Structure formats: structure tokens, C-alpha cells
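Just below is one structure, and these are the notes that go with it.
The values are calculated or read from the model by the stated rules, or taken from the named source; none is laboratory data. Here the structure is a predicted model, which means the values were calculated and not measured. Here the Cβ is made from the backbone with ideal geometry for all residues, glycine too, and neighbour counts use every protein chain on show. Accessible surface is based on the protein model in full, side chains and every heavy atom, while ligands, DNA and RNA are left aside. Shrake-Rupley method; radii C 1.70, N 1.55, O 1.52, S 1.80 Å.
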Amino acid sequence: MRGLRLGGHPVHPALVHFPVACWTAAPVTDIVYLVLRQPAWWQASWWLLAIGCLTGLAAIAAGALDLFAIPADHPAQPVAQRHLLLMGSVWCLLLLNLLLRPRSAVPDAWIMWVGCVLSVGGWLGMLAGAYAGARLVYEFGIGHTHNHGNT
């Protein structure tokens with residue numbers, strides 16, 4: 001089982017750090033904006049969501065290639081599909097969040113609260129998806145160069 005690799009190393013795990021970092025920081029900047037009401041925090045959150053969605057798209061593409069490399073009858077297949085479903089849903093939720101919010105204008109109250117709820121909800125969904133991804137690596141050995149008996 002070999003998915004997309006660069007220099008012998010799997011690409012998907014290297015790419016996921018960017019959206020994870022951005023999607024973790026976005027709810028933080030939203031909450032800071034709620035407290036301080038300084039527009040720079042709202043704008044920072046917009047940029048974090050934008051960068052997270054863009055890099056998340058690259059991570060999803062690399063992950064899909066890895067998913068196709070897992071045999072259909074492999075015991076990791078349901079976990080891999082759950083990981084894809086969760087992270088794809090998170091990506092869609094946070095893209096919706098990005099599209100709903102004005103980039104440079106101060107948001108009205110309902111957009112501010114909806115944006116914050118979507119950011120936090122996306123982060124919680126990302127945690128569930130990351131757990132499934134971690135199971136793929138640590139429980140099933142997916143992506144290891146040397147599988148040590150796991151197929």
C-alpha cells in the first residue's frame with residue numbers, strides 16, 4: 001500500500017499541519033474579536049480560514065490518493081472513509097464560514113455569532129477527524145514506510 005509520496009515519505013501527513021494550525025487559530029481569533037471588538041482579529045480569522053481551506057484542499061487531494069491505495073477489504077478502510085467524511089465535512093463547514101463573513105468590514109451581530117459557532121464547530125469536527133487519522137497511522141500502520149507486519 002503506497003499512496004502519494006515525496007522522497008519516500010507520505011505527502012498527506014505533511015500537508016495536514018497547515019489547515020490544522022489555521023483551523024485551530026481561527027476560533028481563537030474569533031473569540032478574541034468577540035471580547036475586544038477590534039477588527040484586526042476578525043480579519044485575521046478570515047485569513048486563517050482562507051489559508052486553512054486552501055491548504056486543506058491540497059491535503060484532501062493527497063489523502064484521497066492514499067485512500068485509493070488501501071485495499072477495499074483492508075480493516076482500515078472503514079476508519080479511512082470515516083476520516084475522509086469527517087474532514088471533508090469540516091472543510092465544507094469552514095468554507096461556508098469563510099464565504100459568509102466579510103473580509104474587511106466589521107460583521108453585524110448575527111454573522112459574528114454564526115462565524116464563531118462555525119469556527120468552533122469546525123474545530124471540534126476536526127478533532128474527531130484527526131482522531132480517525134491518528135488511528136490509521138498508529139493502529140493500522142497506514143503510511144508507514146516499514147509496516148512491521150501490518151498490511
*Label-point separation (nm) for A21 and L99, each offset 7 Å from Cα along Cα-to-Cβ?*
2.8 nm
_Karplus-derived 3J(HN,Hα), 6.51/-1.76/1.60, for each residue of region 27-33, Hz, glycine and proline x_ = x, 5, 5, 5, 5, 4, 4
*Inter-label distance for Q77 and V106, nm, one decimal - labels placed 7 Å from Cα along Cα-to-Cβ*: 5.6 nm
*asked:* If I stretch the segment between V114 and L85 completely, what's the gain in nm (0.36 nm per residue apart, minus their alpha carbon distance), one decimal?
replied: 8.2 nm
*Using Cα pairs closer than 8 Å and at least 6 residues apart in sequence, work out the relative contact order for region 12-51, in percent.*
47 percent
*Percent of alpha carbon pairs in the chain separated by more than 18 Å?*
57 percent
*asked:* Between helix 77-100 and the chain, what is the angle of the helix's C-alpha long axis to the longest principal axis, kept within 0 to 90° and rounded to the nearest 10?
replied: 20 degrees
*Add -39500 (n - 2.57) for each DSSP H run of 4 or more in the chain, then divide by its residues: what number comes out at 222 nm, to the nearest 500 deg cm²/dmol?*
-25500 deg cm²/dmol
*Normalised by the residues of the chain, what does the relative contact order come to in percent, with Cα pairs under 8 Å and at least six apart?*
30 percent
*So what is the relative contact order for region 77-151, in percent, with contacts set as C-alpha pairs under 8 Å and at least six apart?*
41 percent
*Could you state how much accessible area R2 has, in square angstrom rounded to the nearest 10, with a 1.4 Å probe and all protein chains kept in place?*
140 Å²
*Taking only Cα atoms, what is the 0 to 90° angle, nearest 10, from helix 39-69's long axis to the longest principal axis of the chain?*
20 degrees
*Whenever you get a sec, line up Y138, Y33 from highest to lowest accessible area (probe 1.4 Å, protein heavy atoms).*
Y138, Y33
_Packing-based ranking, highest mean first, of 109-116, 71-78 given that Cβ atoms within 10 Å are counted_ = 109-116, 71-78
*Estimate the FRET efficiency between Y131 and L6 by the formula 1/(1 + (r/R0)^6), using the beta-carbon distance for r and 22 Å for R0, to the nearest 0.05.*
0.30
